[in-house]
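To start, the structure under review is shown below, and the notes come after it.
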Amino acid sequence: MRRPLSKVVFRLARERRIDLKKLRCALVLGILGALLGAGCGNGTSTPSSPVISTPTTANSLVFSASIPHGRNARGTSIPVTFTITNSGTQAANLTYGGCHEFVIQITQGTRQIWWGPGASEACLTVPQPSSIAAGATQTYTVDWDQRDLPNNVDQTGTQVAPGPYIIVAKFIPVSLNGIPMDSGQLAKFATSPISVTITP
């Protein structure tokens, strides 16, 4: 027995709508899968972007700190770069003394976790002159091996726990352009803080 033409047309239209719905669902799922796959890769996490501090300025010197990645796997070394740029029109004449020209401090809350470079370097017994030419940049890099060394003197340290940490770099000359530096002036010769996270 032949079906009425109107019923056949209605059935074909309904089946076509169902197929279109399935097709749309399949396309949506396929796009989502591609996006998720691109984000996850083979299961390893994608390295995060570099972290650069907001520049600070004091006496025409511009200070900045940076790290290659904001998130770092537990146990990996983290290079901290400290840059000093003379934005003035005259050379910055400096005198250094003690053991360091600068210091990198890493803290968590109110607790100091690490500072560097360590005291293994030869300390100056006589202040040494130096200068940064107008427009020139001086760069220092120190690696933090994720060890807890609050004093960094005669210590082996232990691996820090996963979590967030704060990094600040400080410039510590004895004098600038013949003017002795006191603690109040040196407090201005520091970068704004940047955050680094150690992952499990």
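Modelled label positions at ALA91 and THR158, each set 7 Å beyond Cα in the direction of Cβ, lie 5.0 nm from each other. Amide hydrogen proximity for VAL174: with H placed 1.01 Å from N in the peptide plane, the residues at 5 or more positions away or on another chain lying under 5 Å are THR95, TYR96, GLY97.
If we sort 104-117, 66-79 on the protection proxy, mean other Cβ atoms within 10 Å, highest first, what's the order?
Packing order, densest peptide first, comes out as 104-117, 66-79.
So if we plug the beta-carbon distance of SER48 and ARG74 into 1/(1 + (r/R0)^6) with R0 = 22 Å, what FRET efficiency do we get, rounded to 0.05? After rounding, the FRET efficiency stands at 0.90.
Each of LYS170, LYS188 was scored by other Cβ atoms within 10 Å of its Cβ. Arranged with the fewest first, they read LYS188, LYS170. Site pair SER195 and ASN177 shows an inter-label distance of 3.7 nm when each label is modelled 7 Å from Cα along Cα→Cβ.
No value in this document is a laboratory result; all are computed from the given coordinates. Predicted model, so just to flag it, every value in this text is computed and none were measured. All Cβ positions, even for glycine, are placed from backbone atoms using ideal geometry, and neighbour counts span all protein chains on display.
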